[in-house]
1. Among the residues of the stretch 8-20, which ones are touching a residue at least 24 places away in the same chain (Cβ under 8 Å) and within 22 Å of Thr96 (Cβ to Cβ)?
2. Report yes if some residue within the stretch 106-119 is closer than 29 Å to Arg172 by Cα, at pLDDT 90 or above, of a type in the set (Gly, Ala, Ser) and not in a loop (DSSP other than H, G, I, E, B); otherwise report no.
3. Out of the residues in the stretch 1-29 that are among the charged types (D, E, K, R) and in a loop (DSSP other than H, G, I, E, B), state the one that is farthest from Gly161 (Cα to Cα).
4. Take Trp151 and decide whether it is open to solvent by 20 Å² or more (accessible area, probe 1.4 Å) and modelled with pLDDT under 90.
5. Go through the stretch 154-183 residue by residue and tally those that are outside any helix (DSSP H, G or I), open to solvent by less than 100 Å² (accessible area, probe 1.4 Å) and modelled with pLDDT of 80 or more.
6. With the requirement that a residue be under 18 Å from Arg140 (Cβ atoms) and either among the acidic types (Asp, Glu) or open to solvent by less than 40 Å² (accessible area, probe 1.4 Å) (or both), what does the stretch 24-49 give you?
7. In the stretch 71-97, how many residues are closer than 11 Å to Met112 by Cβ and open to solvent by less than 20 Å² (accessible area, probe 1.4 Å)?
Amino acid sequence: FRIVRAANFDEVLTMVRERQVDIVCSIQENPQRAAYLLFTDPVITVENVIITRSDRSGHLTLPGLRELNTVMIKGRTVNRWITEDLPDLTPRIVTTPLEGLMEVSFGLADAMVTELPIASYLIGQKGIANLRVSGHTGYRYALRIGVRKDWPMLYDIVSTGMAQIPGTERQRMWQRWVLSEIG
């Protein structure tokens, strides 16, 4: 395998559609992506949360985002889910998770919706000490491995390999790589 890096998730999807990459290791299945990818069974389930600065007290819910300057990450499936449920919410779209976290950290935005593992990783890696999980969206991704649709044999190999990983090992990986809470 050769790892290919991209600037953002939109670029990853473009590379898959243009057959520049063969596998996407962590992706949410949706009808648009099913046009060009085959999906394994879920590898991990992650929660989308509401991130705010630590100085904001209380617990936030999705309807509470209507009064806040909220950012979401371009191309995320959760954006569609939230705007379908809250059509009067008008979030500002940012390109990367780090961009959104920094905007909240510096007070340019009040809140951000993102995946807990991504927020946890970036907050720890970049030392952003003034952010916390202020609420849970109720939306979860069942992340899968996506394989180019025109390579069904590779899909079979990947699916078979993933099925061999026992649940206890998956749980150990989750505990090692994903922090359960921020702040």
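1. Scanning the stretch 8-20 gives Asn8, Phe9, Asp10, Leu13, Val16.
2. Within the stretch 106-119, one or more residues are closer than 29 Å to Arg172 by Cα, at pLDDT 90 or above, of a type in the set (Gly, Ala, Ser) and not in a loop (DSSP other than H, G, I, E, B).
3. Step one: list which residues in the stretch 1-29 are among the charged types (D, E, K, R), which gives 2, 5, 10-11, 17-19, 22, 29.
Then keep just the ones that are in a loop (DSSP other than H, G, I, E, B); that gives 2, 5, 18-19, 22, 29.
On the way: Arg2: 18, Arg5: 23, Glu18: 26, Arg19: 22, Asp22: 16, Glu29: 19 Å.
So, considering only residues that are among the charged types (D, E, K, R) and in a loop (DSSP other than H, G, I, E, B), the one farthest from Gly161 (Cα to Cα) is Glu18.
4. Values: open to solvent by 20 Å² or more (accessible area, probe 1.4 Å): yes; modelled with pLDDT under 90: no.
No; evaluated as a whole, the condition is false for this residue.
5. Final tally of qualifying residues: 2.
6. Ile27, Gln28, Glu29, Asn30, Arg33, Phe39, Thr40, Asp41, Val46, Glu47, Asn48, Val49
7. Number of matching residues: 4.
The values are calculated or read from the model by the stated rules, or taken from the named source; none is laboratory data. All figures in this text were calculated on a predicted structure; none of them were measured in a lab. Here the Cβ is made from the backbone with ideal geometry for all residues, glycine too, and neighbour counts use every protein chain on show. The protein model used for the area step is the full one, side chains on, heavy atoms only, and it has no ligands, DNA or RNA in it. Shrake-Rupley method; radii C 1.70, N 1.55, O 1.52, S 1.80 Å.
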